[in-house]
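Take a look at the structure set out below.
Each value in this text was obtained by applying a stated rule to the coordinates, not by laboratory testing. Just so it is clear, the model here is predicted, and its values are computed rather than measured. Every residue, glycine as well, gets a Cβ built from its backbone with ideal geometry; the counts of neighbours run over all protein chains shown.
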Amino acid sequence: ITILAIESSCDDTSAAVIRDQVLLSNIIANQDVHQKYGGVIPELASRAHQQNIIPVVHRALEVANVGVGEVDAIAFTNGPGLLGSLLVGTSFAKGLSISLNVPLVEVNHLQGHILAHFIQKPGEEPNHPQFPFLCLLVSGGHSQIVVVRGPLEMEIIGQTLDDAAGEAFDKCAKVMGLPYPGGPFIDKLAAEGNPKAFKFAKPQIPELNYSFSGLKTSFLYFLRDRVAENPNFIEENKADLCASIQHTIIAVLMDKFVKATKLTGIREIAVAGGVSANSGLRSTLVEEGKKRKWKVFIPEFGYTTDNAAMIGITGYFKYLNGERTSLDVAPVTRIKM
Ligand code: ATP
Ligand code: FE
């Protein structure tokens, strides 16, 4: 089965070709128009998708060495995400499905992040978590603890009540004057800093849920007070600030995640989403995994942030399951798994 996948939920336009779980191509066009605004501007994102979508799909087929006639189905992200962005991918997928006379398969972007673990590379042995596994899904818009019982059987047992972990990284980076998105910059600077240099209060939230908005605010107030005393405070302490805020975010994430492993008894562990690129989070999971006898799966860097390969693998599982999407489908900006 050959699947052409399209992802356009936020600010990356991506297309991929997957054949029976094996990834043949994965093309991503990043949009740098947003950088100077310090965040994604939805209208600009839609316009950039519009410009990128044809060349990106074209390139994905070319790299995969697959002709359009060989495509069995088109998988596309139908949410969650920005409406204008989703519309570009959805409309393109519909048009192509009509012209090629092949079925459409809609994909939930968040399921995609999780199922990225099942992408196989040509010539490589499969290496993925066994069901049921527990996934820490940490991205720009979501922070969830998910019990994954099967490719299409997922249950959210904890999630953020306000900001996502990625948002916390990005907002803290912004107040330090770092570029957008700030997560990768904090990660890099944190490597040279002391994670215990500054202490920030951790949120007290019931059950397996998260909250990051208070942390962001306390970071902002802390900086405001210090900068009032010393205008160069941020510059002089940047690495320590990055290391400390990263350390705090990871501690918050791990606290509930460990609790979830105890409650469920699941030791097969995966992490997914953009924040799973964070080196501190990766090493913490590996260390905790050794200590707690978990089997830990960490995605390749290329599959952490948004990409169409993850949409393709999810589309593949749904296709096998007989799922097809009709042409009257509309994108949904917020959807549950
Ligand atoms: P969602 O998937 O929830 O709809 P999204 O698609 O915008 O949101 P992703 O692309 O999965 O989110 O992830 C982007 C987020 O990952 C950003 O907040 C970014 O700062 C964060 N991120 C990427 N790399 C790192 C890193 N090395 N350390 C920390 N955060 C990172
Ligand atoms: Fe995403």
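Between TYR221 and GLU125, take the C-beta separation as r, use R0 = 41 Å, and let me know the FRET efficiency to the nearest 0.05.
Step by step, r from the Cβ atoms, then E = 0.20.
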_Within a Gaussian network of the chain (alpha carbon springs, distance under 10 Å), most fluctuating of ASN321, ASN52, ASN26_ = ASN321
_Using only DSSP helix segments of four residues or longer, with each worth -39500 (n - 2.57), what per-residue ellipticity at 222 nm results for the chain after dividing by its residue count and rounding to 500?_
-14000 deg cm²/dmol
*Considering only GLY315, LEU44, THR305, whose Cα is most displaced toward the positive end of the charge dipole of the chain, charges sitting on Cβ of Lys, Arg (+1) and Asp, Glu (-1)?*
THR305
*Around THR2, which amide H atoms from residues at least 5 apart in sequence, or from another chain, sit under 5 Å from its own amide H, with H modelled in the peptide plane?*
ASP72, ALA73
_Choice from VAL175, VAL148, VAL296 with maximal GNM fluctuation in the chain (Cα, 10 Å cutoff)_ = VAL175
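Tell me, ILE186, ILE41 in order of fewest to most beta-carbon neighbours within 10 Å? Mind showing how you got there, number by number?
On the way: ILE186 27, ILE41 17.
Ranking ILE186, ILE41 by Cβ neighbours within 10 Å, fewest first, gives ILE41, ILE186.
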*For LYS199, which lysines qualify as cross-link partners when the Cα separation must be under 17 Å and same-chain residues fewer than eight apart are set aside?*
LYS216, LYS238
_Using Cα springs under 10 Å in a Gaussian network model of the chain, which residue among PRO55, PRO231, PRO179 shows the largest mean-square fluctuation?_
PRO231
*Whichever lysines have a C-alpha closer than 17 Å to that of LYS262, once near sequence neighbours (fewer than 8 apart) are set aside*: LYS290, LYS291, LYS293, LYS295
*State, as an integer percentage, the relative contact order of the chain based on alpha-carbon contacts under 8 Å between residues 6 or more apart.*
25
*Counting other C-beta atoms within 10 Å, which of THR261, THR314 has the fewest, and how do the rest follow?*
THR261, THR314
*Expressed as a whole number of Å, what is the distance separating the alpha-carbon centroids of segment 280-299 and segment 163-239?*
24
_When a/c reaches 1.5 or more, the comparison of a/b and b/c decides; with that in mind, is segment 17-143 rounded, prolate or oblate per its Cα gyration tensor?_
oblate
*What share of the DSSP beta bridges in the chain is antiparallel, in percent to the nearest 5?*
60
*Of all the stretches in the chain, which is the longest one without any exposed loop site, taking trypsin sites (Lys or Arg not before Pro) in a DSSP loop (any state but H, G, I, E, B) with at most 15 other Cβ atoms within 10 Å?*
1-195
